[in-house]
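The values are calculated or read from the model by the stated rules, or taken from the named source; none is laboratory data. Just so we're clear, the structure is a prediction, and the values are computed from it rather than from any experiment. We place every Cβ from the backbone using ideal geometry, glycine too, and count neighbours over all the protein chains shown.
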Amino acid sequence: MKTVYLFTNTFPYGINSETFIEEEMRVAGNLGLHIVVLPLHRKKVCRCVPSNVEICNSLADTSFIKKIYIACLMLFSLHFWKMLWIKDRPRSPNEFYQGIKYLYGSFWISSFYHLINIFLNKVVFL
């Protein structure tokens, strides 16, 4: 059985966010995939998930110190500073916020990846 690691913003927490994933979970269950859902944020309400789905709250339960460490990694990275000087850079404050948010999320996931040592030849990433 193959394992798929699915990084989400809040799924399965919350009611109105990332609703498209529910149907994909049912389809993946029919394919015999084991899915590990890793939400970045946790909300009060948790939706029911199929039996082939495991919820790992490691990213959502990250300590404040670890979040500061990841933010520092991002701020001192080449990717952050390139975002300010590339030709197609964010123009509005909202675009800049979205760019920072997704860059921070990518550093968060990268940090988690290095922490648990997942090898790409055994895992399918979505």
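Quick one: which helices (runs of 4 or more DSSP H) lie wholly within the stretch 1-112 and hold at least 2 residues that are touching a strand residue (DSSP E or B) at 6+ places or on another chain (Cβ under 7 Å) and not acidic (Asp, Glu)?
Values: elements: 20-30, 64-75, 78-85.
Result: 20-30.
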Fill in: Residues that are without any contact (Cβ under 8 Å) to a residue 60 or more places away in the chain, under 23 Å from TRP108 (Cβ atoms) and within 17 Å of the chain's Cα centre (by Cα), drawn from the stretch 20-45
PHE20, ILE21, GLU24, MET25, ILE35, VAL36, VAL37, PRO39, HIS41, ARG42, LYS43
Worksheet item: So which residues in the stretch 90-108 are within 25 Å of THR8 (Cα to Cα), of a type outside the set (Phe, Trp, Tyr) and either in contact with a Ser or Thr (Cβ under 7 Å, 6 or more places away or on another chain) or without any contact (Cβ under 8 Å) to a residue 40 or more places away in the chain (or both)?
Response: PRO90, PRO93, ASN94, GLU95, GLN98, GLY99, ILE100, LYS101, LEU103, SER106
Fill in: Residue selected from the stretch 46-66 under the condition farther than 25 Å from LYS2 by Cβ, exposed (fewer than 13 other Cβ atoms within 10 Å of the Cβ) and more than 14 Å from the chain's Cα centre (by Cα), by the criterion modelled with the highest pLDDT
ILE65
